[in-house]
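Just so it is clear, none of the values below were taken in a lab; they were calculated from the coordinates. Small disclaimer: the values here were computed from a predicted structure and weren't measured. Don't worry about glycine lacking a Cβ; one is built from the backbone with ideal geometry, like all the others, and counts go over all protein chains shown.
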């Protein structure tokens, strides 16, 4: 009997006997995704995950040549860009992919927000997702310093100084982040540790919970679609995850690869000038685009408001904004009862418009 | 006869159990503290013990042209030496009081300017526009031949 079977069947049976693959395959074959006019938003989570894998892959490759010290970091990136075969490509893909990942993550976050997919029973999926959002921004911030160039040096100075505004623990946090009182080579070592060990570990843990929750609870159906289905006007349609949805996902990933390859090849990521601890901040300095709206706000805020430092109030306002987003499933209770609250949608629109307008202003001024 | 010892043991069982639970949870708590305390202490960078710089000499600092500025090292921090359009020398800490960027001299307006958030100081170090909340720290300037000696006021 066994002699008649192919090698793959024998191997499959061998594994199945030990780890019960059958139940997993059964689960996968039954898995379905709702199909409706908002389905397109489902793809951005998968795209973000795909770009995260690109980051892990290219990041590991970069560690083969990168040296995390103030004396050698810039030179090692220069070496990767100019001497190592395809080094320019790997580094450019790492940088572009980081930016695309943050873009798809913003889209994913706000699409979930506006479709109110955070409503019961998916509060924890939102909370873990928000945690991932914060961690990805921390990835961006810590990775930005690693080439040790002029722009990243000042961005890190300003960014870490902002942590000092936090009441009571601010000064301690600044020292903890910088590895001393100032941004120096010690900060670089520390940020390297955050970027390649601490943050990946935390992301892996939270991402696993996030993805397991998505699997357990299935995809959320928007309130309007759900209502139409309940009233019998328009029943929801499902498509199987395998192969239909998965193939669409795959198609999305190929689009991402094409965009990444085009960006990396046509616009290789620049390295800039090496950081000089004793040079003035250059004119036209600004952080990465996803922090520009905060940066621009800090530029506009006057030095003193009602006797308090303007920047403290500004940073506190951003903190409250972040806390609001984090807690939104617990603040907005109506969608769980199939009601849409205009207030929360309005706040969401305000946040998106604020980010877009201030970012545009930041690039124009 | 039979019920007596049972009653006795059940009345002592609960305190014993809760005592053991107390011991278990406090020892787990103590283990966590024993692990995380040194980790937190390890992560907090040590004070370098660098002696505070009282003064520095800028060699040939007097060669600085009128209406210009120059960054110099004041210990581990940047300072800025300024020569006003009238030829007077002044020195300040070059750390912007807003978010710690390094400032520069702006010839066009004869002001000290921070590029990060557009903070502006006059030639006395006073914050005159933009977000900086305080003036720049002022240093004393003395001329010694061709050199400029900058010291903390």
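Go ahead and run the numbers for FRET between residue A:107 and residue B:68, Cβ-Cβ distance against an R0 of 41 Å, rounding to 0.05.
Details: r = 48 Å, r/R0 = 1.18.
With R0 = 41 Å, the Cβ-Cβ based efficiency is 0.25.
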Problem set entry | Cα-based helix-to-principal-axis angle, A:246-266 vs chain A, degrees rounded to 10 | 30
Problem set entry | Stokes-Einstein D for the stretch A:271-365, Kirkwood Rh over Cα pairs, 10 °C, 1.306 mPa s (µm²/s) | 99
For this session: Express in whole angstrom the spacing between the alpha-carbon centres of the stretch B:58-121 and the stretch A:111-144.
Result: 43
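Å³ per residue of the Cα convex hull, for the protein assembly as shown?
Working: hull volume 145.5 nm³, N = 518.
Cα convex hull per residue, to the nearest whole number: 281 Å³.
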Exercise. Taking Cα centroids, how far is the stretch A:204-230 from the stretch A:246-297 in Å?
Worked result: 31
Exercise. Roughly what angle does helix A:73-82 make with the longest principal axis of chain A, taking Cα atoms, 0 to 90 degrees, to the nearest 10?
Worked result: 60
Exercise. Given 10 Å bins starting at zero, what is the percent of C-alpha pairs of the stretch A:1-66 in each, up to the one with the largest pair distance?
Worked result: 16, 20, 23, 28, 12, 1
Seminar exercise, completed: From DSSP H assignment alone, runs of 4+ in chain B each adding -39500 (n - 2.57), the sum over residues rounded to the nearest 500 puts [θ] at 222 nm at -10000 deg cm²/dmol
For this session: Grab the DSSP H runs of chain A that are 4 residues or longer, score each as -39,500 (n - 2.57), total them, divide by all residues and round the 222 nm result to the nearest 500 deg cm²/dmol.
Result: -21500 deg cm²/dmol
For this session: Give me A:132, A:217 ranked fewest to most by other Cβ atoms within 10 Å of their Cβ, as a rough exposure proxy.
Result: A:217, A:132
Exercise. Relative to the first principal axis of the alpha-carbon coordinates of chain A, what is the inclination of helix A:150-163, with its axis defined by its Cα atoms, in degrees from 0 to 90 and to the nearest 10?
Worked result: 80
For this session: Find, to one decimal place in angstroms, the Kirkwood hydrodynamic radius of the stretch B:55-152, where the mean of 1/r is taken over every pair of different Cα atoms and then inverted.
Result: 13.1
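If packing is taken as the mean number of other Cβ atoms within 10 Å per residue, what is the order of B:95-101, B:133-139, highest first? Spell out each step's value before the answer.
Details: B:95-101: 24.1, B:133-139: 17.9.
Packing proxy ranking, top to bottom: B:95-101, B:133-139.
Label the stretch B:59-116 by shape, choosing from rounded, prolate and oblate, from the square roots a ≥ b ≥ c of the eigenvalues of the Cα gyration tensor; if a/c is under 1.5 it is rounded, and otherwise prolate applies when a/b is larger than b/c, oblate when it is not. Provide the component values of the computation, followed by the final result.
Details: a/c = 2.61, a/b = 1.28, b/c = 2.05.
Note, shape of the stretch B:59-116 comes out oblate.
In nm², what is the average projected area of the convex hull enclosing the Cα atoms of the stretch A:43-122? Could you put the intermediate results ahead of the total?
Details: hull surface 26.5 nm².
For the Cα atoms of the stretch A:43-122, the hull's average projected area reads 6.6 nm².
Semi-axes of the equivalent ellipsoid of the stretch A:160-222: what are they in whole Å, largest first, if each equals the square root of 5 times a C-alpha gyration tensor eigenvalue? Before the final figure, lay out each step's value.
Working: eigenvalues 236, 51, 13 Å².
The equivalent ellipsoid of the stretch A:160-222 has semi-axes of 34, 16, 8 Å.
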For this session: Taking just the C-alpha trace of the stretch A:37-290, give me its Rg and Dmax in Å.
Result: 20.8, 70
